Every structure is written in structure tokens, then in C-alpha cells.
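Trainee: Have a look at the structure that comes next, please.
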Amino acid sequence: MANAVKPPCHVSGTAFITGAASGIGKSIAHIFAQNGISGLALADISAPALSSSLHELSTAYPHIRIETFTMDVTKEEDIAAAVKATSERFGRIDISIHGAGIAGTHTATHDFSLQDWRKTIDVNQTGVMLCDKWVVGQMLGQELKPGYEGRGIIVNIASMFGVTTPPGWLGGVAYSAAKHAVVAITKIDAKTYAREGIRINAICPGYVDTPLINTGLESGVLSPEVEKTALKRPANPEEIADAVLFLTSRMGSYMCAGSLVVDGGYTA
């Protein structure tokens, strides 16, 4: 009966979040803390930003245990070590959000350097695959919880440009290619591991007012794109975090191998 009185968007246990020091990842940490999570493992490449986020979250939610990991998602050994340390310190990983990403270079294909291509693919695509690899490996050894929680829940952060493409003038061939791959990785892994009690989905945000695109929003470069949304504005990070909360709670219990688009009604 205890479960019956919990709010429908309640989450519990430990959440592991990459790209957690700013933007969407940081907002997800806050929304989880507000809705029942007891442990947060925050991973990011920026140690100073992680330290700032740790102070902010610890002050706001003193009852929650928080660990931080300075981690580069292009380095498999970093991911393996962070996942191992998280499982040792908290006992298990109940929810994992794979959100580390970069905008990359936005130029046309004929001007795109191989170095820029590889960097964008390494962070946005290979980084997600490696996070899935190590987190799924951890979850497979965990106790199967009753109900929607199972052995664990994973949400991969893709993009609306993982299901459509940006306009030609904006470029972004590597970014869109990587985000399409994230959707494919999500679908394949979800179908592979659902029978093991691991539920995996992707979320595909539109334009979000985060450091990733803040310069483009402030300069007006992205104004024509924002006008393509029905809401005529970018999202704030909290709105994307709310959608992630839905996917990881009982409310999203029948979502599996899905790509939840949260784009404000963008017309490509």
C-alpha cells in the first residue's frame, strides 16, 4: 500500500547523470531531488562546474546523498570507473541519464573537417553507446524490483534533429548524424534488454535555452528557427527535465524504445 500513496511522478533510488553540471542535466538532477530520489551521481567533464552544482544541490537538498565524477565520455575507462564507483557507493543504479553532448561545428559537409566530425561523433554518439554499455552491464547484475522499476531505467538525450534534420543553412551534419544514431542505439538496446527488466527510451528536445545554444539565441542567429515552433520560444531546461521525470516514473511505465519529442511544435 505504501507505493499507492506515492505521487505518479515519484522516482526513487539512485540516479546517474552525465552532462550533469549545467543545462538539461543539472535541471534533471534538481527535478529528481524534488521528486523522491535518494542518491545522485553527477558526472561531467568540467570539475569547476561540478563543484558549483554540488554546492547548489547539497544546499537545496541536504537529505540527498550526492557524489560527483569528473568524466570524459569519450574515454571508456572514465565511464567504467564512474559506473563502478557509483554502484559501490550506492549499491545500485536505478536511473541513468546519458546527456553529455556538444553542439559541434555547424558548417556544410564540403567544409567539414574530419577532426570536427570525429569529435562530435565521439562525444554525442560513442559516448552514449559507452554509457549504455557500462550502465546496462551494471543493471543486469542488480536485483529485479517489482513494478515499473525493474532492474533499472535509462534515458538517452537525443535531439529533435535525431528524428528530423536542421535546415541547410544551419549545417550540423555531424550533430544530426550523431543524434539519429542515439535514437537507433536506444531502440536496439531497449528491445534487447527489456526482457531483463531494463527500460530504455530517448528524449528528443528542441531548442533549449542552455549554454549549448545560448550564444545563438542571444545573437538572434537562431530566431528564424525559434519562429518555426508553435510556441514561438525555446524551452527552458526545466521543461525537458519534467519530460525526463515522466519517462523515469510510473507515468512512463509503458514507454520503451521510444523517442519522446519535446520541441514546442517545431516545423522542419
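Trainee: Anything in the range 111-157 that is among the hydroxyl-bearing types (Ser, Thr, Tyr) and either in contact with an Asp or Glu (Cβ under 9 Å, 6 or more places away or on another chain) or in a helix (DSSP H, G or I) (or both)? List them, or say none.
Mentor: Within the range 111-157, Thr120, Thr126, Tyr148 qualify.
Trainee: What single numbered condition from (1) out of contact with any strand residue (DSSP E or B) (no Cβ under 8 Å at 6 or more places or on another chain); (2) open to solvent by less than 60 Å² (accessible area, probe 1.4 Å) fails to hold for His63?
Mentor: The failed condition is (2).
Trainee: In addition: Any residue at all in the range 107-119 that is under 15 Å from Gly19 (Cβ atoms) and either in contact with a Lys or Arg (Cβ under 9 Å, 6 or more places away or on another chain) or not small (Gly, Ala, Ser) (or both)?
Mentor: no
Trainee: Kindly list, by first and then second residue, each pair from a residue in the range 24-46 that is within 16 Å of Thr59 (Cα to Cα) and open to solvent by 10 Å² or more (accessible area, probe 1.4 Å) to a residue that is in a helix (DSSP H, G or I) and acidic (Asp, Glu), limited to pairs with Cβ atoms under 9 Å and residues at least 6 apart or on different chains.
Mentor: Correct list of pairs: Lys26/Glu56; Ser27/Glu238; Ser27/Glu239; Ser27/Asp242; His30/Glu56; His30/Glu238; Ile31/Glu238; Ile31/Asp242.
Trainee: Which numbered condition in (1) within 30 Å of Pro146 (Cα to Cα); (2) in contact (Cβ under 8 Å) with a residue 60 or more places away in the chain is the only one that Asp263 fails?
Mentor: Only one criterion in (1) within 30 Å of Pro146 (Cα to Cα); (2) in contact (Cβ under 8 Å) with a residue 60 or more places away in the chain is unmet by Asp263, namely (1).
Trainee: Filter the range 28-64 for residues that are under 20 Å from the mean Cα position of the chain (by Cα) and of a type in the set (Val, Ile, Thr); which is nearest to Arg250 (Cα to Cα)?
Mentor: Restricting to residues being under 20 Å from the mean Cα position of the chain (by Cα) and of a type in the set (Val, Ile, Thr), the top hit is Ile37.
Trainee: Of the residues Lys232, Lys191, which single one is basic (Lys, Arg), over 19 Å from His98 (Cβ atoms) and open to solvent by 40 Å² or more (accessible area, probe 1.4 Å)?
Mentor: Of Lys232, Lys191, the one residue that is basic (Lys, Arg), over 19 Å from His98 (Cβ atoms) and open to solvent by 40 Å² or more (accessible area, probe 1.4 Å) is Lys232.
Trainee: Among the numbered criteria (1) hydrophobic (A, V, I, L, M, F, W, C); (2) open to solvent by less than 30 Å² (accessible area, probe 1.4 Å); (3) more than 27 Å from Leu140 (Cβ to Cβ); (4) more than 14 Å from the chain's Cα centre (by Cα), which one does Val208 miss?
Mentor: Unmet for Val208, out of (1) hydrophobic (A, V, I, L, M, F, W, C); (2) open to solvent by less than 30 Å² (accessible area, probe 1.4 Å); (3) more than 27 Å from Leu140 (Cβ to Cβ); (4) more than 14 Å from the chain's Cα centre (by Cα): (4).
Trainee: Hey, which of the helices (runs of 4 or more DSSP H) in the range 158-236, taking only ones fully inside, have at least 3 residues that are among the polar types (S, T, N, Q)?
Mentor: Because the criterion is at least 3 residues that are among the polar types (S, T, N, Q), the helices (runs of 4 or more DSSP H) in the range 158-236 that meet it are 173-193, 214-219.
Trainee: Separate question: Give the number of residues within the range 86-109 that are among the small types (Gly, Ala, Ser), farther than 24 Å from Arg199 by Cβ and within 20 Å of the chain's Cα centre (by Cα).
Mentor: 2
The values are calculated or read from the model by the stated rules, or taken from the named source; none is laboratory data. Predicted model only: the values in this text are computed from it and were never measured. So basically every Cβ, Gly included, is an ideal-geometry build from the backbone, and we count neighbours across all protein chains shown. Side chains included, ligands, DNA and RNA excluded: accessible areas come from the protein's heavy atoms. Shrake-Rupley method; radii C 1.70, N 1.55, O 1.52, S 1.80 Å.
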